[in-house]
1. If the cut-off is 12 Å between C-alpha atoms, which aspartates and glutamates fall inside it for LYS159, apart from same-chain ones fewer than 8 positions away?
2. HN-Hα J couplings of the stretch 139-152 from phi, Karplus 6.51/-1.76/1.60, θ = phi - 60°, integer Hz, Gly and Pro as x?
3. Can you return the aspartates and glutamates within cross-link range of LYS132? Criterion is Cα-Cα under 16 Å, with same-chain partners fewer than 8 residues away left out.
4. Order of 67-75, 45-53 by packing, highest average Cβ count within 10 Å first?
5. Sort THR22, THR165, THR131, THR120 by Cβ crowding within 10 Å, fewest neighbours at the top.
6. Using Cα pairs under 8 angstrom and six or more residues apart, how large is the relative contact order of the stretch 37-109, in percent?
7. Once fully extended, how much extra length lies between ASP56 and PHE84, figured as 0.36 nm per residue of separation less the alpha-carbon to alpha-carbon distance?
8. What lysines does LYS49 reach when the alpha-carbon gap must be under 21 Å and sequence neighbours fewer than 8 apart in one chain are set aside?
Amino acid sequence: MDINFSSIVPSLPFILQGIWVTLQIVAISLLIGFAWGIVLALLKISRIKPLMFLADAYTSIFRGTPLVLQLLIIYFGLPQLLGFPIEPYPAAVAAFSLNSAAYISEIIRAGINAIDKGQTEAAMALGVPYTKMMKDIILPQAFKNILPALMNEFITLTKESAIVTVIGVQDIMRRAYQVGADTYNYFAPLIFAGIIYYILVMLLTLLGKGVERRMKRSD
């Protein structure tokens, strides 16, 4: 069996270009998922039962089904209902955003519940509006507590983004697969793709630890 890494050297820049595609999808999806996750978390801790039920049902569905299934439904299924095609890139962002929001909402909810209830009661007693209380008092403290969990979700999303190859997005994995098909040597480009993902995860881990240390010093 010929495992020749030198045969893929001319194609390395092509594979490396996929890093930008991967990071774009992950970053946009995380931002949208984070915003939607905050909304879901607030609905879950609200006293309006129908909204609580809807938020819990949403989380249950997206956490209880495979991400690749959600991606395929959005990319292949929705166009049959809507009557127009959905491009691979928006489909990937939509799937990752909706899925990530379900997990992030649980992380944020746990962070909010970990805050001493006395702070909420004191704010209410002082007449602080609910929106201002959440924005200025509760959420900032909750975010400090849940930062490691959020970084873990960021890392997980980065690795899971490789599934976009099934719908043709030109990410790291897709480009590595194409190089393998062109050179009849799949092992080398896939190993190279694995190294890229590993480096990205290590960099994100170091970034998360750095931000966490900085936030602890600012306490």
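Where a number appears in this text, it was derived from the coordinates with a stated rule and is not lab data. Source: prediction; values computed, not measured. Neighbour counts are summed over all protein chains in view; Cβ atoms, including those assigned to glycine, are modelled from backbone coordinates with ideal geometry.
1. ASP171
2. Going residue by residue, I get 4, x, 6, 5, 5, 5, 6, 9, 3, x, 5, 5, 5, 5 Hz, with x marking Gly and Pro.
3. GLU121
4. Values: 67-75: 17.6, 45-53: 11.1.
Ranking, from highest mean packing down: 67-75, 45-53.
5. Exposure proxy ranking, most exposed first: THR131, THR120, THR165, THR22.
6. On the way: 66 pairs, mean separation 36.1, N = 73.
Computed over the stretch 37-109, the figure is 49 percent.
7. Details: separation 28, 0.36 × 28 = 10.08 nm, distance 3.06 nm.
Value of the extension gain: 7.0 nm.
8. LYS117
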